[in-house]
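Bear in mind these aren't lab numbers, they're just calculated from the coordinates by the rules spelled out. Values in this document were obtained by computation on a predicted structure and should not be read as measured data. Please note: Cβ atoms are built from the backbone with ideal geometry, for glycine as well, and neighbour counts cover all protein chains shown.
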Ligand code: CP3
């Protein structure tokens, strides 16, 4: 049995009037009171009438309506078409009744908008025309112009208009995960090249980390200003790093990205996979909420974090296909583990697999809401 946490909440002040002053007057935190939704209340460590749930990769190939609307349209084109991106973002909210939308985009969009040659190859992932491997390559990287982010701002604005009081979560790839794709030139299992570059050419790594940190910060700021009520920084591949390398070569860059948006006051979730050894360092990077992957029980994550941290996670995506009884039992244990946190946002421990039966996700949302609903 995990115990209800009694440690003082190590929560930064969030959603204060002073911070919200940095948001435009039409922001949904001001006009649609998304700050009172179960999702934002929970992300900011307050109680809510039920535990909120969203799923990483809830928008995408597990949904027939997504496959239909995307037919014949390349992935990155659909991200840059504001109407289409908004519609795809809304699809899982309508279908599953999740407590938040996650903006339909991709971590490579900022580099694409800066002018880097990149595409998403179906079934493979992001592939660059030319990998970025030398200091010269990095010095030649184009800067992301603010106006290039207009399609993102438009898509977010269209989305939040239709979401009403349901919050939109914006996101960006963390500098390491983005840089790992740039150095490898494509997906990789072990991320050997970026991990070699850190030590072989620290000057080049530092320059690339800075480029990725400011580009991700711009991408997040554009989404927040256009209406996102929370953000998640995805460091999906940080788990390939040892703690010493993470602290020396990665954490400072993630900290720059997270600090650049702190003044908006919206909760910042920091998530990676295989990060059991890195959780305290990821928190120190400046996150408000830690996303935990499926490998570590939430109570153990909380212990490593020192207590009092709002957690997100961590249903194993494999259980989505294991039959309802096994999934319900596993979900019960995740909910019980979540009691170790001052507040718990339910999510998967990584993204929805494309083969998932969408009716299972809908049933799971209902189940989580019912199991956690407080008597009024
Ligand atoms: O619902 C959501 O989570 C919102 C949209 C979203 C996508 N990518 C859409 C997408 C988000 C948040 C991402 C982030 C992203 N992209 C990450 C971090 C999260 C993670 O999964 O760890 C990473 C590492 C990427 C890079 C990327 N983009 C990969 C590895 C792939 C998969 C390649 C493949 O085809 O299997 C993509 C493509 C991608 N991004 C798809 C979607 C819906 C599939 C493309 C398609 O539908 O044709």
Can you tell me how much longer the chain between residue 193 and residue 30 gets when fully stretched, taken as 0.36 nm per residue apart minus their C-alpha distance, in nm with one decimal?
54.2 nm
With n ≥ 4 as the cut-off for DSSP H runs, can you work out [θ] at 222 nm for the chain, using -39500 (n - 2.57) per run divided by the number of residues, rounded to the nearest 500?
-12500 deg cm²/dmol
For the range 187-264, report the % of Cα-Cα distances exceeding 22 Å.
28
Relative contact order as a percentage, the range 17-372, C-alpha pairs under 8 Å and 6+ apart, gives 21
Which FRET efficiency value, to the nearest 0.05, do you get for residue 73 and residue 124 by plugging their Cβ-Cβ distance into 1/(1 + (r/R0)^6) with R0 = 22 Å?
0.80
Viscosity 1.002 mPa s, temperature 20 °C: give me the Stokes-Einstein translational D for the chain in µm²/s, with Rh taken as the Kirkwood radius over C-alpha pairs.
104
Rounded to the nearest 5, the percent of DSSP beta bridges in the chain running antiparallel is 15
Two-decimal ratio, the range 191-230, of alpha-carbon radius of gyration to 2.2 N^0.38 Å
1.59
Mind telling me which of 301, 244, 155 comes out most flexible in a GNM of the chain, alpha-carbon contacts under 10 Å?
244
When DSSP beta bridges are limited to those with both residues in the range 105-261, what percentage is antiparallel, rounded to the nearest 5?
45
Note on the range 49-120: contact order normalised by length, alpha-carbon pairs under 8 Å, 6 or more apart, percent, works out to 35
Spin-label point model (7 Å from Cα, Cβ direction): what's the residue 247 to residue 303 distance in nm?
2.1
The range 198-299: relative contact order as a whole-number percent, Cα under 8 Å and 6+ apart:
29
Rough spin-label spacing in nm, given labels placed 7 Å along Cα→Cβ, for residue 370 and residue 16
4.3
